[in-house]
1. Mind checking which residues of segment 31-52 are assigned to a loop (DSSP other than H, G, I, E, B) and modelled with pLDDT of 90 or more?
2. Any residue at all in segment 96-110 that's touching a helix residue (DSSP H, G or I) at 6+ places or on another chain (Cβ under 8 Å), in contact (Cβ under 8 Å) with a residue 60 or more places away in the chain and more than 25 Å from V42 (Cβ to Cβ)?
3. Sort out which residues of segment 101-118 are modelled with pLDDT of 90 or more and either closer than 14 Å to V63 by Cβ or out of contact with any Cys (no Cβ under 9 Å at 6 or more places or on another chain) (or both), and write them in order of number.
4. Scanning for something part of a helix (DSSP H, G or I), surrounded by 13 or more Cβ atoms within 10 Å (Cβ to Cβ), out of contact with any Ser or Thr (no Cβ under 6 Å at 6 or more places or on another chain) and at pLDDT below 95, does segment 66-89 turn up at least one residue?
Amino acid sequence: MNLGKTSFIMILAALLTAALLLQSVVLSAAEKDQDPSSKGEVAVREVIQSRLSQVRVCYEELVLSKNPTATVKVVVNFLIGKDGKASECLPTATPTIPQGTEFTACICDKIKSWDFPKPEQGSNRIKYTFIFQPDDGKGSK
């Protein structure tokens, strides 16, 4: 391996590590007067984190089984409706795992099956980043 490839891999590893240290839950209120930093944001994050093992199964069965060293980042945008159910799930995955695959569909299916806190007004648009690594046992940071 030449120095260029080694440097690239080291930089990529550093970026992935940095991404793991940052949680990416961004709530943006559908209503202008709704406070996205409310206790609702914390409750949504808790729902997601309490169910990480469900989306980890998608990674293990549909990605890791084919590529045991695959690290995958998937950013999922979805809407929590008045009933607390997720809809309009739109995943954006890494170039190696394109959107619209069985893997990203599996993640959205899991998210749509969860019960989230009902928004106080309107609906909440959610953006959450899942980062999967072999043997990390967590599925996301």
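1. First, the residues of segment 31-52 that are assigned to a loop (DSSP other than H, G, I, E, B): 31-38, 51.
Residue satisfying the conditions is R51 alone.
2. No, every residue in segment 96-110 fails to be touching a helix residue (DSSP H, G or I) at 6+ places or on another chain (Cβ under 8 Å), in contact (Cβ under 8 Å) with a residue 60 or more places away in the chain and more than 25 Å from V42 (Cβ to Cβ).
3. Start the filter on segment 101-118 by keeping residues that are modelled with pLDDT of 90 or more, which leaves 102-118.
E102, F103, T104, A105, C106, I107, S113, W114, D115, F116, P117, K118 - these are the residues of segment 101-118 that are modelled with pLDDT of 90 or more and either closer than 14 Å to V63 by Cβ or out of contact with any Cys (no Cβ under 9 Å at 6 or more places or on another chain) (or both).
4. Going through segment 66-89, the residues part of a helix (DSSP H, G or I) turn out to be none.
Among the residues of segment 66-89, not one is part of a helix (DSSP H, G or I), surrounded by 13 or more Cβ atoms within 10 Å (Cβ to Cβ), out of contact with any Ser or Thr (no Cβ under 6 Å at 6 or more places or on another chain) and at pLDDT below 95, which makes the answer no.
The values are calculated or read from the model by the stated rules, or taken from the named source; none is laboratory data. This structure is a prediction, so every number in the text was calculated from the model and none was measured. Positions of Cβ are backbone-derived with ideal geometry, glycine not excepted, and every protein chain shown enters the neighbour counts.
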